[in-house]
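Structure, as structure tokens:
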């Protein structure tokens, strides 16, 4: 089936609808309808979180939606993807008790239950089956809240979307929970080519069993809506017939699915009204609101979001967080996730990937997109503007005199407001590192009153985690001219880079405009990660902590413990492809330990490991583990060893104490780029520093 001509823009609207809906509903998640009305009236605007959380926050609905979909690109976008492979994706990107899921315990949290089954070696779909976990646990809401991406990769093909939804949902769910997920995914897929809600519902219910509870409740809600225009009356009927008192568990699918259908019907095709209804109704508000927002975003496009008199997009600024074991993907935005989804959809349709502006990380090609850029300067603003056939980010401000300046920046690591964010922990690595080459194309507005000085800058967490500013080279732009800014990121002393931005300084009073066409960086890092000078904790937060214990109390920078099995801490991004990693490690007691490169989660990496069985190994972890080479090497506990692991293409070279032990080619094809890690199994590993840099 041919992709719709506006596929990318409609996906972007769906992603925006998803995150807006989640951010709107999260402050009242789990509240009753009565409590919401008493506190906020009709919930049709962002409200403060009672826990003090920021508007943009880490949330399971968002993280799971975009990360579990990576099962496809991680396996070459094979349309024959199996539930078992999606289950492997869970094991790779989840860190138990820390990322994505509500870790409510086996028998209480459906997803936690399924994760434990997977970890025990029980593959999907049995991991989520009713036979294994019981009817109540297997029919909770999680399969629905994570399903939107599977609909967006199948535009105009609801049957395929429902099939993918079945495979994805069966990792953790069964029965009615799978049917509800299929309905949402099928409606979202068909919404690319069909605008009528009733027609979308007709298509979706034809793909689930006619005798299912989900089918019956959809028929009931449609009948109640036809008979009664007041949404409140329909909500009462839903509560009476499909409420939590009848469908038990921590958060059952059935009551919340009814509210999604209810809001779509009574919302009268209006984004704000539909979100108001589904959130004011209560129950699992962020989940339901996210599904409704995504569907309406796809169906009605950006215009459907933007026609509201309320500013949904400005406070969000495209920002979202994906808290997983792949820290380099944690700090993201709606455009970046749109590009990922679109290119999966294109691959499934037999088309090549889109790479706007040469694949720049920030390209602003979607209408209204700002990709996290905001300005804290009074009198300054950022906006997405058209310039010829392109879209760009404009930084505009009113200069009262020569020398006045303004800045706009986007986060590259955990922002200050999110450091102590309540709820789901934001595990993240920086997206930008010393040694990488930054490039930016910048234009001066035609109507600027005089030349404008422009330069890139970074803000870095330093001593006491205070932010310090580092400036790049400066360029002077005459009105209407363009320049290319190039900057090799300098050493930061082991401190993580928090944000990158653009500063403009006026040469005279007047209205100043600077346009950022694109911003990108390339290459691996060239840095040493050790405990930096001064007090502070953000250098530790830059590592994704996937081990049982890594305490700050010890004098060593890295003293990590995994009590049982193999785990790692990691830092870096997929931009790191060919590079060299070095660390001096010692093992007080463990079955094995060492260093890893091209880390893309808990179970995707290359490692140079020293074993207590007297064997050194070069290994590849990717949905299982394979030994690429091994050699006799007696490990002495508590003795330091200098480890070096280089990766170039599909060739790996490993050395111990300066002696090369391994020079091997991965016969199955290389892992993509990824960060560096320290690995330990069944014990403790110690190191003072990890260094990465170019291969000599």
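What to note about this one:
Quick grid of which residues meet (1) touching a residue at least 40 places away in the same chain (Cβ under 8 Å); (2) closer than 18 Å to residue 289 by Cα:
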{"site": "38", "(1), (2)": "no, no"}
{"site": "46", "(1), (2)": "yes, yes"}
{"site": "51", "(1), (2)": "yes, no"}
{"site": "62", "(1), (2)": "yes, yes"}
{"site": "65", "(1), (2)": "yes, yes"}
{"site": "68", "(1), (2)": "yes, no"}
{"site": "81", "(1), (2)": "yes, no"}
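- Qualifying residue in region 241-263 (condition: out of contact with any strand residue (DSSP E or B) (no Cβ under 7 Å at 6 or more places or on another chain), farther than 18 Å from residue 179 by Cβ and buried (at least 24 other Cβ atoms within 10 Å of the Cβ)): yes
- Within this structure, residue 453 passes the test of being surrounded by fewer than 22 Cβ atoms within 10 Å (Cβ to Cβ), modelled with pLDDT of 95 or more, in the same structural domain as residue 363 (by TED's automatic domain parsing) and farther than 30 Å from residue 674 by Cβ.
- Pick from region 11-33, criterion in contact (Cβ under 8 Å) with a residue 60 or more places away in the chain and over 21 Å from residue 298 (Cα atoms), ranking: surrounded by the most Cβ atoms within 10 Å (Cβ to Cβ): 26
- Qualifying positions in region 37-68 - within 29 Å of the chain's Cα centre (by Cα) and in a helix (DSSP H, G or I): 60, 61, 62, 63, 64, 65, 66, 67, 68
- Residue in region 196-205 that is in contact (Cβ under 8 Å) with a residue 12 or more places away in the chain and either exposed (fewer than 14 other Cβ atoms within 10 Å of the Cβ) or not in a helix (DSSP H, G or I) (or both) present: yes
- Residue match in region 322-333 (condition: touching a helix residue (DSSP H, G or I) at 6+ places or on another chain (Cβ under 8 Å), touching a residue at least 60 places away in the same chain (Cβ under 8 Å) and part of a strand (DSSP E or B)): yes
- Residue in region 176-192 that is part of a helix (DSSP H, G or I) and out of contact with any helix residue (DSSP H, G or I) (no Cβ under 6 Å at 6 or more places or on another chain) present: no
- Scanning region 665-688 turns up at least one residue that is outside any strand (DSSP E or B), buried (at least 21 other Cβ atoms within 10 Å of the Cβ) and within 26 Å of the chain's Cα centre (by Cα).
- Only listed residue being out of contact with any helix residue (DSSP H, G or I) (no Cβ under 7 Å at 6 or more places or on another chain) and more than 19 Å from residue 485 (Cβ to Cβ), chosen from 399, 360, 440, 409: 399
- Some residue of region 439-448 being farther than 22 Å from residue 384 by Cβ and either buried (at least 18 other Cβ atoms within 10 Å of the Cβ) or touching a strand residue (DSSP E or B) at 6+ places or on another chain (Cβ under 6 Å) (or both): no
The values are calculated or read from the model by the stated rules, or taken from the named source; none is laboratory data. The shown structure was predicted, so the numbers you read here are calculated from the model rather than taken from an experiment. For neighbour counting, all protein chains shown are included, and Cβ atoms are generated from backbone atoms with ideal geometry for every residue, glycine included.
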